[in-house]
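The values are calculated or read from the model by the stated rules, or taken from the named source; none is laboratory data. Note that this is a predicted model, so its numbers are computed, not measured. Cβ coordinates were reconstructed from backbone atoms using ideal geometry, including for glycine residues, and neighbour counts include every protein chain displayed. Keep in mind that these areas ignore ligands, DNA and RNA; they rest on the heavy atoms of the full protein, side chains included. Shrake-Rupley method; radii C 1.70, N 1.55, O 1.52, S 1.80 Å.
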Amino acid sequence: MQGFAGFMWLLSVALIVFSGFALIDAATRREDAYRAADKKTKPFWLLVLGLAFVVNLIFNILSFLPVIGLIATIVYMVDVRPALRGLSGGGRSRRGSSSDGPYGPYNGGR
């Protein structure tokens with residue numbers, strides 16, 4: 001029984017970290033990016049993810065409220081976050097070389 005309690009505690013901590021990361025990520029994004037990506041507004045997502053974070057802190061993982069918070073967090077991470085990152089260019093891949101200027105690649109006057 002002690003192993004199960006330890007596993008549930010780890011799962012609860014993982015949910016808190018996951019929802020906290022999503023909340024911080026949503027707070028750092030620009031508000032106009034939400035409108036440009038045709039998603040709900042930034043205050044809406046901050047409210048939903050903030051509630052999910054607080055619910056994960058307060059309630060037991062076996063309750064249904066943390067599951068609802070987890071679903072909201074997954075929706076943000078899978079649907080909204082990639083759309084926002086695509087607009088702001090927040091990916092790890094570079095789209096051009098270091099010699100690219102404001103009008104395209106520098107070709108040395110050729």
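See the values below:
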quantity: Per residue solvent-accessible surface (Å²) - segment 1-87, probe of 1.4 Å; calculated: 63
quantity: q = 0.13 Å⁻¹, segment 1-87: log10 I(q)/I(0) [Debye, one scatterer per Cα]; calculated: -0.43
quantity: Label point distance in nm, Arg30-Leu62, each placed 7 Å from Cα along Cα→Cβ; calculated: 4.8
quantity: Farthest toward positive dipole pole in segment 1-87 [+1 Lys/Arg, -1 Asp/Glu at C-beta], among Asn60, Tyr34, Ala72; calculated: Tyr34
quantity: Within segment 1-87: Cβ-based charge dipole about Cα centre, in debye rounded to nearest 20 (Lys, Arg +1; Asp, Glu -1); calculated: 180
